[in-house]
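The next block holds one structure in the form of structure tokens; read it before the comments.
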Amino acid sequence: MIGTVSSLLLSRRAIGRRIGAALSVLLLGLPLLPTAAISAAEGPSGLPLPRFVTTRSTPINVRVGPGTKYGVAWVYVKAGTPVEIIQEFDTWRKIRDADGSEGWLHQNLLVGKRAGLVAPWKPAGEQIALLRSADENAGVRAWLTPNFRVDIKECTGTWCEVVATTHPVNGGPQSFDGWLHQDELWGVYKGEEFD
């Protein structure tokens, strides 16, 4: 019985030392966290990560890794598709689309122009009001459906001014300028401001 108690005491002491060592490593590492967080916000290109951009041309092969030796995961067939850059490796950018799919594109296939998708998380039958001004009581310029692509002109942190362009079968394209709630748009961050 004494042997059992002494081995129990030894194992409790060993556990205490391990916990103490883990806590000291954690406490010593805390001052390094802000520096690591700041450096993680910028990629090798010197631009912030993550950030939204659009595809430059079509077709574009999205690859499973950062290089042409990697297989093609899928192909973008429309220029101007908004994507989010979440990682950089040399001249390759890991992107995420509105569906959450991730893959790699060469930097030359991306442009810094801002575009967005209207509420891609909403059911297909819903309509989102494109308003005449950044005001709840403003008149409606047009009704947009989920996943409708818009060009983003500016965002205030609450509202975004956008241009919605339709391409009817008969006739030329029609554009509508207006305002959307920022939280109804995929392609901008919550509270993000730019013009």
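Some values worked out for this structure:
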| quantity | calculated |
| --- | --- |
| Between region 75-125 and region 126-151, the Cα center-to-center distance that results, in Å | 22 |
| Modelled FRET efficiency - R0 35 Å, Val72 with Trp121, Cβ distances, 0.05 increments | 0.85 |
| Rounded Å value of the spacing that divides the Cα centres of region 39-63 and region 160-195 | 21 |
| DSSP-defined beta bridges in region 117-194 - what % are antiparallel, rounded to 5 | 95 |
| Long-range HN-HN contacts of Ile86 with modeled amide H, under 5 Å | Lys94, Ile95, Arg96 |
| Computed E for Glu136/Thr165 - FRET, C-beta separation, R0 30 angstrom, nearest 0.05 | 0.75 |
| Computed lengthening from Ala41 to Ser57, 0.36 nm per intervening residue step minus Cα-Cα distance | 3.0 nm |
| Whole-Hz ³J(HN,Hα) from phi, Karplus 6.51 cos²θ - 1.76 cosθ + 1.60, for region 98-112, glycine and proline x | 5, 7, x, 6, 10, x, 10, 10, 6, 4, 5, 8, 10, 9, x |
| Added length on full extension, which subtracts the Cα-Cα distance from 0.36 nm per residue, Phe176 to Trp143 | 10.9 nm |
| Contour excess over end-to-end distance, with Cα ends at Ala79 and Glu154 and 0.36 nm allotted per residue | 24.9 nm |
| Residue-wise HN-Hα coupling along region 141-155, computed from phi with Karplus coefficients 6.51, -1.76, 1.60 (Hz; x: Gly, Pro) | 7, 6, 9, 10, 9, x, 6, 5, 7, 10, 8, 9, 8, 7, 9 |
| Low-density loop positions, GluC sites (Glu not before Pro), region 79-134 - DSSP coil, at most 14 other Cβ in 10 Å | Glu126 |
| Shape call, region 117-194: gyration tensor on alpha carbons, a/c limit 1.5 | prolate |
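Here, each number is a calculation from the coordinates, and none is a lab measurement. As the structure is a prediction and not an experimental result, all values here were calculated from the model. Because the Cβ atoms are built from the backbone with ideal geometry, glycine has one as well, and the counts that use them run over all protein chains shown.
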